[in-house]
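Below: one structure, written as structure tokens.
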Amino acid sequence: MQWYEVLVVAFALSLDAFAVSLAASTTGHVTDRRAAFRLSFHFGLFQFLMPVLGWSLGTSIEHVISAFDHWIAFALLAFVGIRMIRTAFTPAGGGQADDPSRGGVLIMLAIATSIDALAVGLSLAMIQSNVWYPSIVIGVVAGVMSILAIVSGARVGRWLGGKAQVVGGLVLLIIGVRILATHLA
């Protein structure tokens, strides 16, 4: 792959991480540098690791993974999105939203946004291409795009106020439906 092709693929793969980071930061949980670092680091790390994993698996199991990867991404994003929306309608003090920059929620989001990168790794194995350079570029671009989204999302979150949880949850649901529709079409 040429360097510009790698950049285009990296940018395309980072759009889900960008959108999820934007949604997560609008909720008000990603307010400090540590939370922003955790979110962007994990999105970049998983975007780096998934092509390497896909390349390692090679073509022997591609047909098995491609049959259900989109369902996994949809389920993870829908789960987190619905929880965010439900929390927004919980009376004050009745529930606290899960912090998208910590624990299991962070891992679910990182996996859900990087499943497409697994398919890229499988494709790289099929064309017998080196996986390391594209994987590094994909990871760095995803991390940078996440940081940009977090900065933008903080401004959007202040503007939306209490509606940010609902908007963030809806964005995650829309991303999940888009992934599902893209793979089923």
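See the values below:
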quantity: Hey, GLY139 in contact with a helix residue (DSSP H, G or I) (Cβ under 7 Å, 6 or more places away or on another chain), surrounded by 19 or more Cβ atoms within 10 Å (Cβ to Cβ) and at pLDDT below 90 or not; calculated: no
quantity: Among (1) within 27 Å of LEU170 (Cα to Cα); (2) surrounded by fewer than 19 Cβ atoms within 10 Å (Cβ to Cβ) - the single one GLY58 does not satisfy; calculated: (1)
quantity: Members of region 21-33 that are farther than 18 Å from LYS163 by Cβ and in contact (Cβ under 8 Å) with a residue 24 or more places away in the chain; calculated: SER21
quantity: Residue within region 159-173 that is under 25 Å from GLY54 (Cβ atoms), of a type outside the set (Phe, Trp, Tyr), part of a helix (DSSP H, G or I) and at pLDDT 85 or above present; calculated: no
quantity: Residue within region 13-23 that is among the β-branched types (Val, Ile, Thr) and at pLDDT 90 or above present; calculated: no
quantity: Residue tally, condition outside any helix (DSSP H, G or I) and not hydroxyl-bearing (Ser, Thr, Tyr), over region 1-46; calculated: 6
quantity: Residues located in region 23-34, provided they are crowded, with 24+ Cβ neighbours inside 10 Å and either of a type in the set (D, E, K, R) or farther than 16 Å from ILE179 by Cβ (or both); calculated: ALA24, SER25, THR26, THR27, VAL30
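The values are calculated or read from the model by the stated rules, or taken from the named source; none is laboratory data. Given the structure is predicted, the values throughout are model-derived calculations rather than measurements. Please note: Cβ atoms are built from the backbone with ideal geometry, for glycine as well, and neighbour counts cover all protein chains shown.
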